[in-house]
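The structure appears below as structure tokens.
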Amino acid sequence: MHNKRKSKINNNPIGIFDSGFGGLTIMSAMNKALPLESLIYFGDTAHVPYGTKSKNIVIKFSREIASFLIKKKVKLIIIACNTASAFALSALKKTLKIPVVGVIEPGSKEAVLVSKNKRIGVIGTEGTVKSKSYPKEINKILKADVYQQACPLFVPLVEEGFIDSEITDSVIKKYMKPLLSKKIDTLILGCTHYPLLKKALEKNISSSITLIDSTKATALEVKNILDQKSLLADSKGKKFLRFYVSDNPVKFQTIGSRFFYKKIFGVKKIELE
């Protein structure tokens, strides 16, 4: 008797969505971790940012985007936005027949594995911090002290290209001061814009603090799910990358290329129903 699983192949694309550009850091990590997979990205640039919006409106936008991605025959959806993961993940999981992955659970799992003193810091948007999603998720796995800090200036700094500047350094120092006083040994970058600030953060905090980049953790989680459900693509599939936005495709192409770490082309604007 062979107990080897019969491998099935599924060359349908993976859907990824975010309120704007940040989720492209997830798409980039997916592209590296799963080079054979086709990826469709939707940036809700007409409604960015989600971090300051109410839960109900974020759920409404997320449902509309998910139904657009389903029409594109995606086999799995990644909510590549911490706020939408906090607010809309369970709603989408209940209604969709395909797997849905958020960014909060993978990042939390990794932080728990890495932290030695179980004092974990989280930085994110106001929406993510208010939702308390990271403390809840971490404490489901293990009793830990979780300290949060909203960093509303980080997103505009990243989008304006202030990745490495004195302004960014002083903003980081101000936001990090309360967290550093709590003697954290692990820091979750709880927003998909923040990987672009990794070097600046490392420069301004103690080298004994481990940074958790949820983008890589999420890509590995997706890889495991596709493998378990026999949904991985093979080399016979014609791999493609597609980008859609709800507004301003030209700006998305320009700024988005920084987040995707390579040039983006052919961004299409579509009206959601």
Number of positions in the range 196-217 that are of a type in the set (Val, Ile, Thr), within 15 Å of the chain's Cα centre (by Cα) and either over 23 Å from residue 261 (Cβ atoms) or at pLDDT below 95 (or both): 1
Determine which member of the set 40, 26 is of a type in the set (Val, Ile, Thr), in contact (Cβ under 8 Å) with a residue 60 or more places away in the chain and more than 30 Å from residue 139 (Cβ to Cβ). 40
Across the range 153-184, what is the number of residues that are touching a residue at least 24 places away in the same chain (Cβ under 8 Å), buried (at least 16 other Cβ atoms within 10 Å of the Cβ) and in contact with a helix residue (DSSP H, G or I) (Cβ under 8 Å, 6 or more places away or on another chain)? 8
Residue count, the range 258-273 (criterion: under 17 Å from the mean Cα position of the chain (by Cα) and over 15 Å from residue 18 (Cα atoms)): 2
Which condition number in (1) farther than 27 Å from residue 177 by Cβ; (2) out of contact with any Asp or Glu (no Cβ under 9 Å at 6 or more places or on another chain) is the one that residue 89 fails? (2)
So, residue 108, is that one surrounded by fewer than 18 Cβ atoms within 10 Å (Cβ to Cβ) and either touching a helix residue (DSSP H, G or I) at 6+ places or on another chain (Cβ under 6 Å) or among the polar types (S, T, N, Q) (or both) or not? no
Can you find, within the range 81-98, the residue that is nearest to the chain's Cα centre (by Cα) among those that are under 21 Å from residue 146 (Cα atoms) and in a helix (DSSP H, G or I)? 82
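Say whether the condition of being in the same structural domain as residue 20 (by TED's automatic domain parsing), of a type in the set (Val, Ile, Thr) and surrounded by fewer than 21 Cβ atoms within 10 Å (Cβ to Cβ) is met by at least one residue in the range 60-71.
yes
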Assess whether residue 77 counts as being over 21 Å from the mean Cα position of the chain (by Cα), surrounded by 24 or more Cβ atoms within 10 Å (Cβ to Cβ) and modelled with pLDDT of 95 or more. no
Quick one: which residue in 211, 197, 187 is free of Cβ contacts under 8 Å to residues at least 60 places away in the same chain and under 18 Å from residue 119 (Cα atoms)? 211
Just to be sure, is residue 129 in contact with a Leu (Cβ under 6 Å, 6 or more places away or on another chain) and not assigned by TED's automatic domain parsing to the domain that holds residue 260? no
Answer yes or no: is there a residue in the range 53-68 that is more than 20 Å from residue 201 (Cβ to Cβ), aliphatic (A, V, I, L, M), at pLDDT 95 or above and assigned to a strand (DSSP E or B). no
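Output the residues belonging to the range 99-135 that are among the basic types (Lys, Arg), within 19 Å of residue 185 (Cα to Cα) and either in a helix (DSSP H, G or I) or at pLDDT below 95 (or both).
109 - this is the single residue of the range 99-135 that is among the basic types (Lys, Arg), within 19 Å of residue 185 (Cα to Cα) and either in a helix (DSSP H, G or I) or at pLDDT below 95 (or both).
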Could you tell me how many of the residues in the range 146-182 are closer than 18 Å to residue 25 by Cβ and in a loop (DSSP other than H, G, I, E, B)? 6
Search the range 214-239 for residues being polar (S, T, N, Q) and farther than 18 Å from residue 106 by Cβ, and hand back the single one that is surrounded by the fewest Cβ atoms within 10 Å (Cβ to Cβ). 235
Scan the range 240-270 residue by residue and report those that are acidic (Asp, Glu) and surrounded by fewer than 14 Cβ atoms within 10 Å (Cβ to Cβ). none
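The values are calculated or read from the model by the stated rules, or taken from the named source; none is laboratory data. Source: prediction; values computed, not measured. Ideal geometry is used to build each Cβ from the backbone, glycine not excepted, and the neighbour counts take in all protein chains shown.
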